[in-house]
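A.B. asks: Here's a structure for you.
Please treat every number below as a calculation from the coordinates, not as lab data. None of the values given here were measured: they were computed from a predicted structure. Cβ sites come from the backbone with ideal geometry, for glycine too, and all protein chains shown count toward neighbours.
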Amino acid sequence: MKSIKRILKELFKDPMGRIGLIGVVLIIMLSVLAPVISTHDITEMYTQDKLREPCGEYLFGTDNYGRDVFSRIIYGARVSLEVGIISVGIAAIFGLIFGVISGYFEGWVDNLIMRFMDILFAFPSILLALFIVSALGPSIANTMIAIGIVNTPVFTRTVRASVISVKSTEYITSARSIGLKPASIILKHIIPNILSPFTVQITLALSGAILTEASMSFLGLGIQPPDPSWGSMLNESRKYMEIAPWLAVFPAVFIICTILSFNILGDSLRDVLDPKLKL
Amino acid sequence: MENILEVKNLGIDLVTRDSIRRLIDDVSFEVGIKQSYGIVGESGCGKSITAMSIMQLLSYPLKTGKGEIFFDSDAGKVDLLSMKKEIRKIRGKEISMIFQEPMTALDPIFTIEDQIIETLEFHTNLNKKDMRDLALEMLNKVGIPRAEQLLGEYPHQLSGGMLQRIMIAIALICRPKLLIADEPTTALDVTIQAQILDLMNELKESFDTSIIMITHDLGVIAETCEKVAVFYAGQIVEETDVVRMFHGAAHPYTSGLLRAVTSLGDKSKSLYTIPGMVPVGGYIPKGCRFEDRCDRAKKICKNNPPELLEIEEGHKCRCWLYNESGDEK
Amino acid sequence: MSRVLLEVENLKTYFPVKEGVFKKTTGYVHAVDDVSFKVNEQETFALVGESGCGKSTTGMSILRLIEPTAGSVLFEGQDVLKLSAEELRKKRRDMQLIFQNPYSSLNPRMTVKRLMEEPLKTHFKMSQKELDEQVFQTADKVGISKDQLERYPHQFSGGQRQRISIARAIISRPRFVVADEPVSALDVSIQSQILNLLIQLQMDLKLTYIFISHDLNVVRHLSNSVAVMYLGRIVETGLSEEIFKNPMHPYTQALLSAVPSKDPLNKKKRIILQGDVPSPVNPPEGCPVFARCNRAMDVCKQQRPVLKAMSGTHRTACHLY
């Protein structure tokens, strides 16, 4: 396995990788440093300053309640990342477990797991997520669980496919011929060798999860007010689109940049991690 | 021009983002009309990329860095390396090539007939029926039974030996002056290899084609070639006719290889081995490239690269042992 | 006469051929079809034949890396095919495998040291100090230097990788090793180094080999006994000298004559086998070589010949005799 330092170095060499990396680091810094960077309290309503245009006092203007859009966007980054990381974490862990079992043991276990995943796959993801949330009740935790479940099939499939291809390599036969137990074969030989596609999948799923959260919040079934979320901010901005376009523009720009950064990073990471593409 | 092909001071480079490395250096040889010329060497010695460069088939990051390759084409003597689009008229018509993996050299989504006709369409102006007749005739010549039926089949329906015969048929259908065969039998079984080698020897006679046979197998050289060049680490180290190569090899690498091969099968003796390994990772020694593995290396070999010199008529060798100016040092 | 270490009896390995949407079994690939032979202790038994003849499958079936369909494999009198999964796992210490392709048989994410420690950790309880000692010793034996042990497989050349893969096979001190085309992927000048190493190790460690190869020169060099396989069956077997000096079966004769000569002044008269190997799915009724044989008779088409003793241990399956 390449050291993390080398991966970062190679990512940085690739111009696209550099853009993705910088974008992602910026978003992480925004959310970590939110309390320091934000200029106003995010729930405080400055009633005298409703729908103010961007200015020195309110960098991104204020919304219809007179809340500072800049600060809410910054805290929104925090919410987005939190939801993204935790929900992708849920999906990745379950996907890894199911995928490895499915790919390694094959037979009826594989059939059972994969048919169930197919059923999950058959729903449009946003619909499934909405369905789960409306069943569990809207809250941050339930949004994360819903997005996690929705993303599990993709991880299961990626992991299963990689396990099957690694399993047919000679070094796995070699491990068997030496007399290793199945558990050691999985832990020592298979999992380390599927980490590359797995990591790439995580980065790509992160952007997907952030987008799903934004869409759900936009539809009113994701993050609930007064917690700031880019999606719900976009939703609230609709009514004031004509008189206060900045309410829509800033959350939209942040959503686009975040998704783009993660996608670019994921693509570039795939090139760096896949040694077959390298000379 | 009495030779069909003359390669002069060919150099091939590996171009990467921040460096240029010369892989093939100072390679010159001539292939006579109707001659079968063997190029033998181990993997990574540059024999295949040399062959690819003749047809300008190198792709990034490989690039010909210097030299000329003269070919006696229908339009007179031409330098293949300086040709632009016109080379397409030569590829497949005047020079053709067969590869190691017949399985991957044919396009899986087209029938055998489509693939043969494709070449003919580009290089001739025959009508459909004549093309088909010619295709059938060629398939018969390369010893394919039930040729008629086979024309409609797809590559995956056929065995490796069969596909290699088809590759040969496609390569020879325009009656090229030169056929480049890059390890044509390496992927095949020994009984199939025997069939293909016999076929190639036979066709060479009936088609008056010159052949460049690239292989790592000294047995294939002995069976098919008249003249041989031995490659080592991107250079020709010895060039001579095939009998002298097997019975009077001069270069320590050539004789080492031969000893390793001929001691096989003789159980009484332990197997002769050349110690060490081919220089890897682009590291090129300052002096003779074989110096660190050579059992007859002298002081001079370490820091001074030897030149390819004619040590007797028709026998060239790149070694300080045969260079008088090296004796004094 | 040395002791028999391994006895293979009527080994059969069939693979179902599945077709259609419902994966219906429409036939069987007879990869190994009723193969029997004995391997003496500290000797090399070679399986030769062309690709698809079942030689590798035979090797893998003996080690149960592929589950055979029927037959028995007696290792010191104990039937390997009857062992439970856990017993088999422990037995693997004694029976090892060397692969053809040193590029794909080593886990690219493990250092050479970890690769070599793995068999020891699996079968013995050793302290790190003992492990290190064993690894150093074995590395030295196969010609890998101490300072290369922390490297990864891709940093080595083909020949060195094959040394690593040999080290991995012998470090648990097995008695029996299946070497599946161990030099086929290597260059000529490296082949001889590895062959010499295998011979040296056999003497030092008292190993018994099954050596699988398509290269008759290599087989001739290091085998005591040979079995020539065709379409999943043994067509001729015997001591190496007998087979190479006096091949009886027309297929063996053709195979030997097909090997390119190493002397341009003395080209061999070849017996050319016509056509290709028939499909091993539902193979022909009679002699498997029938369609390609230059001495085929009527009886060959209907009746399958059995192995008959010619002289001593030399046996061949052909209606000519």
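A.B. asks: Given R₀ = 25 Å, what would the calculated FRET efficiency be for B:Asp198 paired with C:Lys301, taking r from the Cβ atoms and rounding to 0.05? Provide the component values of the computation, followed by the final result.
C.D. replies: Working: r = 27 Å, r/R0 = 1.08.
Result of the calculation: an efficiency of 0.40.
A.B. asks: First obtain the Kirkwood hydrodynamic radius of the stretch B:248-317 from its Cα pairs, then insert it into the Stokes-Einstein equation at 25 °C and 0.890 mPa s, and state the resulting D in µm² per second as a whole number.
C.D. replies: 178 µm²/s
A.B. asks: With each pseudo-label sitting 7 Å past Cα toward Cβ, what's the B:Asp74-B:Lys8 distance in nm, one decimal?
C.D. replies: Roughly 2.6 nm, to one decimal.
A.B. asks: How large are Rg and Dmax for the stretch B:102-173 when calculated on the C-alpha trace, in angstrom?
C.D. replies: Computed over the Cα atoms of the stretch B:102-173, radius of gyration and Dmax are 11.0, 31 Å.
A.B. asks: Relative to the Cα centre, what is the charge dipole magnitude of chain C, using +1 at the beta carbon of each Lys and Arg, -1 at the beta carbon of each Asp and Glu, and rounding to the nearest 20 debye?
C.D. replies: Working: 43 positive and 34 negative charges, 54 e Å.
Magnitude of the dipole: close to 260 debye.
A.B. asks: Just counting partner chain Cβ atoms within 10 Å, what average do the residues of peptide C:186-199 show around their Cβ?
C.D. replies: Partner-chain Cβ atoms within 10 Å, mean over residues of C:186-199: 6.
A.B. asks: Another one. Helix A:246-273 versus the longest principal axis of chain A: what is the Cα-based angle in degrees, 0 to 90, to the nearest 10?
C.D. replies: Between the helix axis and the principal axis of chain A, the angle is about 20 degrees.
A.B. asks: Ok, one more. With r defined as the distance between the Cβ atoms of C:Val281 and A:Glu242 and R0 fixed at 60 Å, what FRET efficiency is calculated, to the nearest 0.05? Spell out each step's value before the answer.
C.D. replies: Details: r = 73 Å, r/R0 = 1.22.
For R0 = 60 Å, the calculated efficiency reads 0.25.
A.B. asks: Related question: State the answer as a single residue: which of B:Tyr37, B:Gln157, B:Phe290 lies farthest towards the positive end of the charge dipole of chain B, with beta carbon charges of +1 for Lys and Arg and -1 for Asp and Glu, about the Cα centre.
C.D. replies: Checked the options; the winner is B:Phe290.
A.B. asks: With both bridge residues required to lie in the protein assembly as shown, what share of the DSSP beta bridges run antiparallel, to the nearest 5%? Show your work: numbers first, answer last.
C.D. replies: Details: 67 of 104 bridges.
Antiparallel: roughly 65 percent of the beta bridges in the protein assembly as shown.
A.B. asks: Are there cysteines in chain B with no second cysteine's Cβ under 4.7 Å away, and if so, which?
C.D. replies: That list is B:Cys45, B:Cys174, B:Cys225, B:Cys294, B:Cys317, B:Cys319.
A.B. asks: Then there is this: If you check each cysteine of chain C for another cysteine whose beta-carbon is under 4.7 Å away, which ones come up empty?
C.D. replies: Within chain C, the cysteines lacking a partner Cβ under 4.7 Å are C:Cys53, C:Cys293, C:Cys318.
A.B. asks: Which residues in the stretch C:93-137 have a backbone N closer than 14 Å to a point placed 7 Å from the Cα of A:Leu195 along the Cα-to-Cβ line?
C.D. replies: In the stretch C:93-137, the label zone of A:Leu195 (backbone N under 14 Å from the point 7 Å along Cα→Cβ) covers C:108-111.
A.B. asks: Determine the shielding of peptide C:218-224 by partner chains: average, over its residues, the number of Cβ atoms on other chains within 10 angstrom of each Cβ.
C.D. replies: 3
A.B. asks: Something else about it: What FRET efficiency would be calculated for the residue pair A:Lys50, A:Lys5, taking the C-beta separation as r and a Förster radius of 56 Å, to the nearest 0.05?
C.D. replies: 0.65
A.B. asks: Still on this structure, please answer the following. List the DSSP H helices in chain C whose Cα atoms stretch 15 Å or more along the helix axis and whose mean Kyte-Doolittle hydropathy is at least 0.0.
C.D. replies: C:188-205
A.B. asks: To continue, here is another question. Modelled label-to-label distance, C:Gln148 and C:Asn266, 7 Å Cα→beta-carbon offset: nm?
C.D. replies: 3.7 nm
A.B. asks: Same structure again: Using all alpha carbons of the protein assembly as shown, what is the percent of pairwise distances in each 20 Å bin, ordered from the shortest bin to the longest?
C.D. replies: Result returned by the calculation: 12, 34, 34, 16, 4, 0.
A.B. asks: With a ≥ b ≥ c taken as the square roots of the eigenvalues of the C-alpha gyration tensor of the stretch C:182-231, please select rounded if a/c is under 1.5 and otherwise prolate if a/b is larger than b/c or oblate if it is not?
C.D. replies: Numbers: a/c = 2.25, a/b = 1.14, b/c = 1.97.
Judged from the Cα gyration tensor, the stretch C:182-231 comes out oblate (a/c at least 1.5, b/c at or above a/b).
A.B. asks: Same structure again: How long is chain A along each principal axis, judged by its Cα atoms, biggest number first, in Å?
C.D. replies: 77, 45, 27
A.B. asks: With only Lys, Arg, Asp and Glu charged, each at its Cβ (+1 for the first two, -1 for the last two), find how big the charge dipole of the stretch B:248-317 is about the Cα centre; round to the nearest 20 debye. Mind dumping the intermediate values first?
C.D. replies: Values: 11 positive and 8 negative charges, 71 e Å.
Using only the charged Cβ atoms, the result is roughly 340 debye.
A.B. asks: Kirkwood hydrodynamic radius of chain C from all distinct Cα pairs, in Å? Present the calculation step by step, with values, prior to reporting the outcome.
C.D. replies: Working: mean 1/r = 0.0476 Å⁻¹.
It works out to 21.0 Å.
A.B. asks: Continuing with the same structure: Restricting to DSSP loop positions (anything but H, G, I, E, B) with no more than 16 other Cβ atoms inside 10 Å of their own Cβ, which trypsin sites (Lys or Arg not before Pro) remain in the stretch A:174-279?
C.D. replies: Sites meeting the loop and neighbour criteria: A:Lys278.
A.B. asks: Can you pull the mean other chain C-beta count within 10 Å for peptide C:272-279?
C.D. replies: Taking all residues of C:272-279 together, the mean is 5.
A.B. asks: Still on this model: In the structure displayed, which of A:Lys181/C:Lys24; B:Lys8/B:Lys177; B:Lys286/C:Lys262; C:Lys18/C:Lys308; B:Lys66/B:Lys177; B:Lys77/C:Lys267 lie more than 27 Å apart, Cα to Cα?
C.D. replies: A:Lys181/C:Lys24; B:Lys286/C:Lys262; C:Lys18/C:Lys308; B:Lys77/C:Lys267
A.B. asks: Restricting attention to the stretch C:13-113, which trypsin sites (Lys or Arg not before Pro) occupy a DSSP loop and are surrounded by at most 12 other Cβ atoms within 10 Å?
C.D. replies: C:Lys23
A.B. asks: Output the 0 to 90 degree angle, nearest 10, between the alpha-carbon long axis of helix A:125-136 and the longest principal axis computed from the alpha carbons of chain A.
C.D. replies: On a 0 to 90 degree scale, this one is about 70.
A.B. asks: Using 0.36 nm per residue of separation minus the Cα-Cα distance, give me the extension gain between A:Ala135 and A:Ile37 in nm, one decimal.
C.D. replies: Going from the current span to full extension adds 31.6 nm.
A.B. asks: Using helices alone, I'd like the mean residue ellipticity at 222 nm for chain B: each DSSP H run of four-plus residues gives -39500 (n - 2.57), total over residue count, nearest 500.
C.D. replies: -9000 deg cm²/dmol
A.B. asks: When Rg is the radius of gyration of the Cα atoms in the stretch A:133-207 and Rh is its Kirkwood radius, what does Rg/Rh come to?
C.D. replies: Details: Rg = 16.8 Å, Rh = 14.4 Å.
Here the Rg-to-Rh quotient is 1.17.
A.B. asks: With only Lys, Arg, Asp and Glu charged, each at its Cβ (+1 for the first two, -1 for the last two), find how big the charge dipole of the stretch A:34-97 is about the Cα centre; round to the nearest 20 debye.
C.D. replies: I would put it at about 180 debye.
A.B. asks: Using amide H atoms built in the peptide plane, which far-off residues or other-chain residues are under 5 Å from C:Val4 H to H?
C.D. replies: It is C:Glu41, by chain and number.
A.B. asks: So what J values fall out for the stretch A:35-41 if you push phi through Karplus, 6.51 cos²θ - 1.76 cosθ + 1.60 with θ = phi - 60°, rounded to Hz, Gly and Pro as x?
C.D. replies: x, 7, 6, 4, 9, 9, 5
A.B. asks: Still on this structure, please answer the following. Could you tell me which residue out of C:Val289, C:Pro174, C:Leu131 lies farthest along the dipole of chain C toward its positive end? Charges go on the beta carbon: Lys and Arg +1, Asp and Glu -1, centred on the Cα centre.
C.D. replies: C:Val289
A.B. asks: Say a paramagnetic label sat at a point 7 Å from the Cα of A:Lys13, along Cα to Cβ; which residues of the stretch A:194-224 have their backbone N under 17 Å from it?
C.D. replies: none
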